[in-house]
Amino acid sequence: MEFGFGPKDETFRGEARAWLEAHLTGAPARRAWERELGRAGWIGLGWDEDGYGNRRGSLTQQVVWAEEYARAKAPARSGHIGENLLAPTLIAHGTQEQKARFLPPIARGEELWCQGYSEPGAGSDLAGVRTAAVRETATDSYRVTGQKIWTSLAHEANWCFVLARTQPDSARHHGLSFLLVPMNQPGRIEVRPIRQLTGTSEFNEVFFDGASARAEHVVGGEGNGWRVAMSLLGFERGVSTLAQQIGFAEELGRVVKTAAATGAAADPVVRDRLVRQWAELRTMRWNALRTLGSSGNPADAGAPSVAKLLWGGWHRRLGELAVAVRGAGAAVGPADWSAAAPYELDELQHLFLFGRADTIYGGSDEIQRTIIAERVLGLPREPKG
C-alpha cells in the first residue's frame, strides 16, 4: 500500500529537493532556519486555510515535503509546535482576530511556541490540571499561576498555549480554558531546563507566578479548554508520522550495519530481532497511510493512540537492540573524557538513552490503551478508587 503520487506531486518533490539542497549549507542556527523556511513558504502546507504567508499543499504534497525533509537530514524543527499543533487549532477554534495575529508570525518562522499541558500532578491525566487563571476585569486579562513540566523548547519559545483552570470550584475536565501566554515576562515566568539521560535539556519546567494573558487570547471561549485541548491532540499525529518513520529507517540501517560489523548478526536471535524491527516499521507505514486524512470513521477514532503505541514501543526496542549488537563496546563513549566534554554520546548511545522516554512522553502507553478501550471499543471506564 503506497500513495499514488501523481505528476504534480513528483514536480513538487523535485522543487522541494532542489530547494533543500540549495539551502542546506553548513549547520544553520535553528531560529534562522525557521525564518528561511518561512520566507520560502514551506511553513503551513497542511493548514486548512491560506493567506497567512503560507502556501497550501495537498495531502500527497505534504507527505512529499515531509519525506524529502527527512531524507535531506534537515535540522530538527523549532517551529513544529506552532505550525502543526497550535495553528490547526486556531484555524478550527480561533477568532478571525486570533488567526490574523498569530498565524502570520508562525508562517514566517518568527514566533516559536511551547505547549503548557502536563503538570507534576497531571501528566498524562490532563483533567487533573491545577494551574489557575484568574480573570481581572480592570485589565481585561488573566493572572496565571501554577507549574507545567516536560515543556518542550520552552527555553526558546516566545509564546506558550496553556491549559488552565478558570473556574476555581470546577473539577476534572470542567472549568478549563485554553490561553495564549507570552513567555517574556521576567519575574512572572521562570523556565528551568530538565537535564536528561542524554545530557541534553530539550524539556523544561515552567513556573507561572501571576503571568498575564489577555482575555482576547482565550481560544474557544472561557470554560471550553478541554474541547480545544482534545482537538489539538488530534492534530499531533499525522503527516509528520511518515517523516518520522524515514528517520527510524535510517536508524535501523545503522543498527543493521553495526550488527554485521561486530558479528552480532551471526546470532539467529539477533537476526530475528532485526527482521522483526524491519517488518514492524513497514506495518507502521502502511497503518499511517491507511488512516492519513481519514475523518468521521469511528474505526479510526483511536488511530492517533494506536500510532503512538506502535512507534513508541518500536523505537525503544530499537535502542535496546542498538546496545545489544555492540556488546561491551556500547558502554564506551566516542571521545576521551574531558572537563569540557564530560558526557559525549554517539548516535546509537543517544538512541538508547532517549528512547527510554518514548513510551512515556506524548501520552504514556497506559493512557493510550485507556483511550482505545473507552473511546473506541466502548469498554466500561475504570472505577475511581
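A few comments on the model shown:
- Å² per residue, accessible surface of the chain at 1.4 Å: 49 Å²
- The modelled label-to-label distance for the pair E344/R135, using points 7 Å beyond Cα in the direction of Cβ, is 5.8 nm.
- For the stretch 82-145: relative contact order, % (alpha-carbon pairs under 8 angstrom, 6 or more apart): 19 percent
- Normalising the Debye intensity of the stretch 243-385 to I(0), with uniform scatterers on Cα atoms only, and taking log10 at q = 0.13, 0.14, 0.17 Å⁻¹ returns -0.70, -0.77, -0.98.
- Per-residue packing, averaged as other Cβ atoms within 10 Å, sorts the ranges 86-96, 141-151, 273-283 into the order 141-151, 86-96, 273-283, beginning with the highest.
- Order by protection proxy (mean Cβ within 10 Å, highest first), peptides 72-85, 370-383: 72-85, 370-383
- Distant-in-sequence amide H partners of L112 (H built 1.01 Å from N, under 5 Å): N158, W159
- Per residue, the average separation of C-alpha pairs within less than 8 Å and at least 6 apart gives the chain a relative contact order of 13 percent.
- Cross-link partners of K73 among lysines (Cα-Cα below 20 Å; sequence separation of 8 or more within a chain): K257
- For the listed peptides 357-366, 58-67, 22-31, a ranking on the average number of other beta carbons within 10 Å per residue, highest first, reads 58-67, 357-366, 22-31.
- Measure of compaction for the chain (Cα Rg per 2.2 N^0.38 Å): 1.04
- Less than 5 angstrom separates the built amide H of I360 from none of the residues sequence-distant by 5 or more or on a different chain.
- Residues in the stretch 105-118 carry Karplus couplings, in order, of x, 5, 5, 7, x, 9, 10, 9, 10, 10, 10, x, 10, 5 Hz; the curve used is 6.51 cos²θ - 1.76 cosθ + 1.60 with θ = phi - 60°, and Gly or Pro positions show x.
- Within the shell of other residues whose beta carbon sits under 14 angstrom from the beta carbon of P193, the net charge comes to -1, with Lys and Arg scored +1 and Asp and Glu -1.
- Start at zero, step by 10 Å, and the Cα-Cα distances of the stretch 18-80 spread as 20, 58, 21, 1 percent across the bins.
- Carbon + sulfur, % of accessible area of the chain - ligands and nucleic acids excluded, 1.4 Å: 55 percent
The values are calculated or read from the model by the stated rules, or taken from the named source; none is laboratory data. Just so we're clear, the structure is a prediction, and the values are computed from it rather than from any experiment. Positions of Cβ are generated from backbone atoms using ideal geometry, with glycine treated the same way; all protein chains shown enter the neighbour counts. Ligands, DNA and RNA are excluded from the accessible area calculation, which covers all protein heavy atoms including side chains. Shrake-Rupley method; radii C 1.70, N 1.55, O 1.52, S 1.80 Å.
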